[in-house]
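The values are calculated or read from the model by the stated rules, or taken from the named source; none is laboratory data. Everything numeric in this text was worked out from a predicted model, so none of it was measured. No Cβ is skipped: glycine too gets one built from the backbone with ideal geometry, and neighbour counts run over all protein chains shown. The accessibility values were calculated without ligands, DNA or RNA, using every heavy atom of the protein model including side chains. Shrake-Rupley method; radii C 1.70, N 1.55, O 1.52, S 1.80 Å.
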Amino acid sequence: MKFLRLSAAALLLTAALAFAQQGDKKGEEQKSPVPANLIPPAPVLTPEQELKTFKIQKGFRIELVAAEPLVQDPVQIVFDPAGRMWVVEMRGYMPNVDGKGEDAPIGDIVILEDTNHDGKMDKRTVFLEGLVMPRAISLVRDGVLVAEPPRLWFCRDTKGTGKCDEKTLVTDNYAKSADAHKIPSGAAEHADNGLMPALDNWIYSAKSAVKFRYDGEAWIKAGTPFRGQWGISQDNYGRLVYDSNSDQFRIDLIPADYLARNPFLRGAVGANWKPVADQVVWPIRPNPGVNRGYRKEQLRSTDWTLATYTAAAGPVIYRGDNFPTDCVNNQFVPEPAGNLVRRNRTSEKDGVVSAANAYDKAEFLASTDERFRPVNLNNAPDGALYLVDMYHGTLQHRIYVTSYLRQQYLSRGLDKGLHNGRIWRVVAEDRPVSHAPALDKASPEELVRSLSHPNGWVRDTAQRLLAEKSPAAALPLLKRLATGGREPLGRLHALWALEGAGQLDAATVLAVLEQEKNSKVLAGAMRAGEGLFKADAKGPLLAKLATFAEDKRVDVRWQLALTLGQTVDPQAEAAMAKIAFVSGTNVFIRDALISGLAGREDDLIARIVADKTWAKKQPGFDTFLTSLAKCVAVRAKGEETGKLLDTIVAPGVPVWQTAAVLNGLAMNAPASAGRGKGKGKDKSGSAPRVKYIRAQSEPAAFAKLAAHPDKQVKAEFAKLDRVFVWPSKPGAPPMPVIKPLTAPQQARYEAGKQVFEATCAGCHQPHGFGQDGLAPPLVDSEWVAGTDAMLARIVLHGVRGQISVLGKKWDADMPAFNAFDDEQLAGVLTYIRREWEHGYDPVEPATVAKARAATKARAEAWTEAELKKVK
């Protein structure tokens, strides 16, 4: 994904070296499109020289904060309450083009200080050294979380020396796929990173499906939907922001954990939202040195600059108080392969965020220095925007380097000049840089006041300290601020500070719900107060929440729909039905409601059918009922489906409701009309697999539906009839005979389950239904049902490009898992072929071994077309 210039001799070598590197694609010609004499040189520049290469938008100025030897190979920074900068130095990254030596213990966590207050760091303290490829840190209580794959440490300085003297293992399964000891694996760019404390008091990571929290006694590790690739941020309202290499901006419009509640809801919207579709970038120097620079779509033919994002890195939502106010809540995202930083101007309507480049065919910041590698951005105590510049010639990790890129590195010396690094800050030219309060010495009263500070870093840090220390003197002040503070953001942070301290009570939440006018604070109170559903306050809280069911503000109803799904209660379900009634065609609210009804979708259908106010069809009503019924269809339980059919054929049920529910239940029906036989072909021309709803006998409702006078009802019933079967039904397929697993196969299945949960579930989810925009479903997948030889190749080398699963196209790439041995991979494959009511044959280790031997020279992931040829 990253680099430039070739000598004439190197140009001749590129094609010949194709398939010589792990990142190569067999048979692909790798010829540089750029004449060698037109590629500018990329020598190692001093910080002062590099500063002159920057082009920044009018009204802003970039300044040097730290450089080598004070800091080397930085990949992340955080600031402590005293304003000191903590830096993760990944000094082992790509010491040469082959990555040999990455497993050397030379990484550091260092503390930088500005002792003379001139805006530049001048003191370096090594807090922790001897680390192998450290990648993230997070300040927690009196210590720091340190990610050193595959371990996550909690490190403390108990003697006040500035150096770590106590290390406690939190988990040995963090960023496991980036373990530098695993050669040739150890994928640095495809593993957990970030460790960002969020508004909700949890610590989140990018490229991860776990979150962490310390409750005062122990570390809590919980699951969360997988998100992003490198870097993670949040906006003023705690919405998580991230990206991937080729996609610059993703945001969870709502906490994504909500949508993971219902495994039967497919394609839910609201998380992993894409605010901007345009991925075009505007570098100011030629970029033939990117990994796929030989492909015509990668570079512009006019000036050989990078055309679109290929290495989007650690983004930030600007929340400081130094930039003009129109920059607040804007997204800034670096593109180190293009040597630039983008500013996306954001806007919001009804809780949905959209964005666009703030400048016409230009970037916020760009450089002509190829070694300028902005890999992370940060808000800071002084309100400015800080840039982490790794200043490293070799950007692409060894696992994905192509022969083309190898020659770029070697021919132009980009593999030389190691262990540099710079930290820059961008400030507004016409505004003074503020001095943040010394929060490390702040009193409880000062910390509470800081929750309303205009700088988001100050608010976040004050909240963390109040939640961690929970000083008694602060509690009444926090409650007063939450219920009557002047600044909305101060009220919001007060609520979450109380939640983090375990001191948020029903009286405070009810008071906020009673008088709050700001929709974001109101939504925050609903979410923060969900823990009270387990207490005696549930009844009064639900009663108050129900009064918002018809609120005109979309974002209030949206959060209410999510919150009500956190409890199983008739009062909550009644309010959810009312929200659905007034929300019409809003798909975000529809999915929010259904996400909280896992296994109870038919109950809400019954409530709606019995409610006469729903009798008249209005826009969105039928889609809502169909979506509920689809969840029932995913489970494909004969008895459950039969009871639902009884509900919709009862006297007085409107025809449109019956048809809408039938439409959802028949979602698995093939296009052709063979009763119970599942014939027909999909668009690709291959026969689709049919998921049958199996019952012990014919449902009583079938006779009524067969005789129904409405044509649409009859048409929908005919589709359902093709997939609803019972033993005595004419033409019904026989019940599948599943051969029991042998003792070794069963043991393999159990071991495979553990590997799946640790490695695969983050994307495909524990329930196997996948995650929209990230990973396709495994349940009922035609690929899971395919040949064992084909499956072995998928896990050994991964999948790239577009692939069709159950009739839907997916673009997310799957990495290789060849670091696992044959026994482990056979176990994972056996697990997915026998879990979720699958009855496919188990996979033997010998099959994986045979596939590994047959494809040992392969480095590229498989395409769909290639996999279809495997027998």
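Observations
- Among the residues of the stretch 193-213, those that are open to solvent by 20 Å² or more (accessible area, probe 1.4 Å) and at pLDDT below 95 comprise K207, A209, V210.
- Among the residues making up the stretch 158-180, those that are assigned to a loop (DSSP other than H, G, I, E, B), open to solvent by 50 Å² or more (accessible area, probe 1.4 Å) and either touching a Gly at 6+ places or on another chain (Cβ under 6 Å) or acidic (D, E) (or both) are D165, D172.
- Taking (1) out of contact with any helix residue (DSSP H, G or I) (no Cβ under 9 Å at 6 or more places or on another chain); (2) charged (D, E, K, R); (3) farther than 18 Å from P69 by Cβ in turn, D108 satisfies each apart from (3).
- Pair list, Cβ < 7 Å and 6+ apart or interchain, from the stretch 349-371 residues that are touching a residue at least 24 places away in the same chain (Cβ under 8 Å) to residues that are crowded, with 16+ Cβ neighbours inside 10 Å and acidic (D, E): D350/D555; G351/D555; D369/E50
- Selection status of E716, at pLDDT 85 or above, crowded, with 18+ Cβ neighbours inside 10 Å, of a type in the set (D, E) and out of contact with any Asp or Glu (no Cβ under 8 Å at 6 or more places or on another chain): yes
- The stretch 253-279, subset closer than 26 Å to R319 by Cβ and of a type in the set (G, A, S), residue surrounded by the most Cβ atoms within 10 Å (Cβ to Cβ): A271
The rows are residues; the columns are (1) under 21 Å from V269 (Cβ atoms); (2) touching a Gly at 6+ places or on another chain (Cβ under 9 Å); (3) part of a helix (DSSP H, G or I); (4) open to solvent by less than 20 Å² (accessible area, probe 1.4 Å).
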| position | (1), (2), (3), (4) |
| --- | --- |
| G524 | no, yes, yes, yes |
| W558 | yes, yes, yes, yes |
| A577 | yes, no, yes, yes |
| L593 | yes, yes, yes, yes |
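- Taking first residues from the stretch 844-867 that are assigned to a helix (DSSP H, G or I) and partners that are open to solvent by less than 30 Å² (accessible area, probe 1.4 Å) and among the polar types (S, T, N, Q), the Cβ contacts under 9 Å between residues at least 6 apart in sequence or on separate chains come to E864/S804.
- Search result, residues across the stretch 750-785 that are outside any loop (DSSP other than H, G, I, E, B) and within 14 Å of M814 (Cβ to Cβ): F756, T759, C760, A761, G762, C763, H764, Q771, A775
- Failed criterion for D350 (all others in (1) open to solvent by less than 10 Å² (accessible area, probe 1.4 Å); (2) in contact with a helix residue (DSSP H, G or I) (Cβ under 6 Å, 6 or more places away or on another chain) hold): (1)
- So R491, is it out of contact with any Asp or Glu (no Cβ under 8 Å at 6 or more places or on another chain), among the basic types (K, R) and modelled with pLDDT of 95 or more: no
- Taking the conditions (1) open to solvent by less than 20 Å² (accessible area, probe 1.4 Å); (2) more than 25 Å from E48 (Cα to Cα) in turn, V88 satisfies each one other than (2).
- Among the numbered conditions (1) without any contact (Cβ under 8 Å) to a residue 40 or more places away in the chain; (2) surrounded by fewer than 18 Cβ atoms within 10 Å (Cβ to Cβ); (3) touching an Asp or Glu at 6+ places or on another chain (Cβ under 9 Å), the only one that L806 does not meet is (2).
- Among the criteria (1) free of Cβ contacts under 8 Å to residues at least 40 places away in the same chain; (2) open to solvent by 10 Å² or more (accessible area, probe 1.4 Å), the one V509 does not fulfil is (2).
- The stretch 611-653, subset open to solvent by 50 Å² or more (accessible area, probe 1.4 Å) and in contact with a Lys or Arg (Cβ under 8 Å, 6 or more places away or on another chain), residue nearest to F724 (Cα to Cα): K630
- Residue ID - nearest to D389 (Cα to Cα), chosen from residues in the stretch 343-363 that are in contact with a strand residue (DSSP E or B) (Cβ under 6 Å, 6 or more places away or on another chain) and outside any strand (DSSP E or B): E363
- Within the stretch 294-342, being open to solvent by 10 Å² or more (accessible area, probe 1.4 Å), of a type in the set (D, E, K, R) and not in a loop (DSSP other than H, G, I, E, B) holds for one residue alone: D326.
- The single condition from (1) within 17 Å of V241 (Cα to Cα); (2) assigned to a loop (DSSP other than H, G, I, E, B); (3) of a type in the set (D, E, K, R) that K211 fails is (2).
- All conditions but one from (1) within 24 Å of I399 (Cβ to Cβ); (2) surrounded by 16 or more Cβ atoms within 10 Å (Cβ to Cβ); (3) polar (S, T, N, Q) apply to T863; the one that does not is (2).
- Of the residues T508, T585, T563, the single one that is part of a loop (DSSP other than H, G, I, E, B) and out of contact with any His (no Cβ under 9 Å at 6 or more places or on another chain) is T585.
- Any hit, the stretch 729-749, residues being of a type in the set (S, T, Y), within 29 Å of the chain's Cα centre (by Cα) and not in a loop (DSSP other than H, G, I, E, B): yes
- Yes/no for V784 being surrounded by fewer than 22 Cβ atoms within 10 Å (Cβ to Cβ), among the β-branched types (V, I, T), more than 24 Å from P845 (Cβ to Cβ) and out of contact with any Asp or Glu (no Cβ under 8 Å at 6 or more places or on another chain): no
- Complete set of residues in the stretch 489-506 that are over 26 Å from the mean Cα position of the chain (by Cα), open to solvent by less than 40 Å² (accessible area, probe 1.4 Å) and over 13 Å from P540 (Cβ atoms): G490, R491, A494, L498, A501, L504
- Qualifying residue in the stretch 58-66 (condition: at pLDDT below 85 and touching a Leu at 6+ places or on another chain (Cβ under 9 Å)): no
Table: residues versus (1) buried (at least 22 other Cβ atoms within 10 Å of the Cβ); (2) modelled with pLDDT under 95; (3) assigned to a helix (DSSP H, G or I).
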site: R431; (1), (2), (3): no, yes, no
site: A462; (1), (2), (3): yes, no, yes
site: L475; (1), (2), (3): no, no, yes
site: A482; (1), (2), (3): yes, no, yes
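- Residue that is farthest from G338 (Cα to Cα) [pool: residues in the stretch 241-252 that are touching an Asp or Glu at 6+ places or on another chain (Cβ under 9 Å) and open to solvent by less than 10 Å² (accessible area, probe 1.4 Å)]: I251
- Members of the stretch 231-257 found to be in contact with a Ser or Thr (Cβ under 8 Å, 6 or more places away or on another chain) and of a type in the set (A, V, I, L, M, F, W, C), listed by number: I232, L240, V241, A256
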